[in-house]
1. Please name which of ALA140, ALA84, TYR156 has its Cα lying farthest along the dipole of segment 57-188 towards the positive end, using unit charges on Cβ (Lys, Arg +1; Asp, Glu -1) and the Cα centre as origin.
2. Using every alpha carbon pair in segment 43-119, what percent of pairs falls into each 10 Å bin from 0 up to the bin containing the largest distance?
3. Just add up the charged neighbours of ILE10: K/R +1, D/E -1, any other residue whose Cβ is under 14 Å from the Cβ of ILE10.
4. Which ³J(HN,Hα) values, rounded to whole Hz and listed in residue order, are derived for segment 230-242 from phi using the Karplus coefficients 6.51, -1.76 and 1.60 in 6.51 cos²θ - 1.76 cosθ + 1.60 with θ = phi - 60°, glycine and proline given as x?
5. Identify which of VAL206, VAL21, VAL264 has the largest mean-square fluctuation in a Gaussian network model of the chain, with springs joining Cα atoms closer than 10 Å.
6. Hey, what did segment 1-54 get for relative contact order, percent, Cα under 8 Å, at least 6 apart?
7. Each label point is 7 Å from the Cα along the Cα-to-Cβ direction; what then is the distance between the points at VAL282 and ALA120, in nm?
8. Kindly sort HIS252, HIS25 by accessible area of their heavy atoms, largest first, with the probe set to 1.4 Å.
Amino acid sequence: MNLSKVRIEIGLPAPLRLLHVSDTHLALADGRDGERKQALAARRSAAFGKEGDCLRYFSEAVAYARNCCDLMICTGDLIDFVSAKNLDTAKEMLSGTDYFFAAGNHEFSKYVGEAVEDEAYKLDSLPLVQRYIGNDLRFASRLVGGVNLVAVDNSYYLFRPEELEAFRREVERGYPILLLLHNPLHTDALYREMMVNRRNECAYLVGTPEELLEPYPEERRSQQRADGPTLAFIDYLKQQTLVKAVLTGHLHFNFDSVLYGDVVQYTAGGNFRGDVREYEIV
Ligand SMILES: [Fe+2]
């Protein structure tokens, strides 16, 4: 396991330790899931390293969180696709561990890349997956050690008005906030990292300005174009001094960039290759 340690100073009376795990991409299926899903599992497992790596890295992370941290936080894509075997495995590995969860796009994926991922597609899987995860996958908050952890589903590159309203209510409670999202929000540094340094066809970010979407393939441009409610959420967020950091995943590499003011967006690398981040919040 590759542990990257980060210290965040927000003036807490006692330190809080969080283990950030993202993008484990468990890709398992068995007889209950049928042949198509078992073939998908074989293909996807091969894409995410040697067989068993995801499971091993995730169990190492869970053990580390239990022994050394106050709480494990997951920012999505724990499973690569919805299957009985993936959901059972996730639940079993999380049982007995205190965790807080933000949903990723793969939590709702039935066959990976089979369809345009929109609200209707998400709703096909959400009720089932929700039964296996300990907090609301759309929006959840939890007060730990004087910090309000807020998890918002932005896994399809959009925020809904419902989640902005819920987020406003969390801000009104007055506690310092750590915001958990699966998809990182646009920063120029992260966009440059994805497009220039890593030569991706698109940056996979939320709220990227229209002119910067220009070089994307058309299907990626429409997937990653922010709508009105999404821009409203980001505008509101960027005025909040109670938000102390934004914790994200999705891109599979560690990256830190300033989102606004002195608020840093921390992106965690892929747990499928052993990456985890530990925050000491003081
Ligand atoms: Fe993702």
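The values are calculated or read from the model by the stated rules, or taken from the named source; none is laboratory data. Treat the numbers as computed from the prediction; the structure is a model and nothing was measured. Cβ: placed from backbone, ideal geometry, glycine included. Neighbour counts: every protein chain shown. Note: areas computed on protein heavy atoms with side chains; ligands, DNA, RNA excluded. Shrake-Rupley method; radii C 1.70, N 1.55, O 1.52, S 1.80 Å.
1. Among ALA140, ALA84, TYR156, the one farthest towards the positive end of the dipole of segment 57-188 is ALA140.
2. Percent of pairs per bin, in order: 16, 49, 28, 6, 0.
3. Around ILE10, the surrounding residues sum to 0.
4. These are the phi-based 3J(HN,Hα) values: 5, 5, 5, 4, 5, 4, 5, 3, 6, 9, 8, 7, 6 Hz.
5. Maximum fluctuation in the GNM of the chain, among the listed residues, is at VAL264.
6. 28 percent
7. Placing both labels 7 Å along Cα→Cβ, they lie 5.3 nm apart.
8. Numbers: HIS252 45, HIS25 5 Å².
Sorted by accessible area, descending: HIS252, HIS25.
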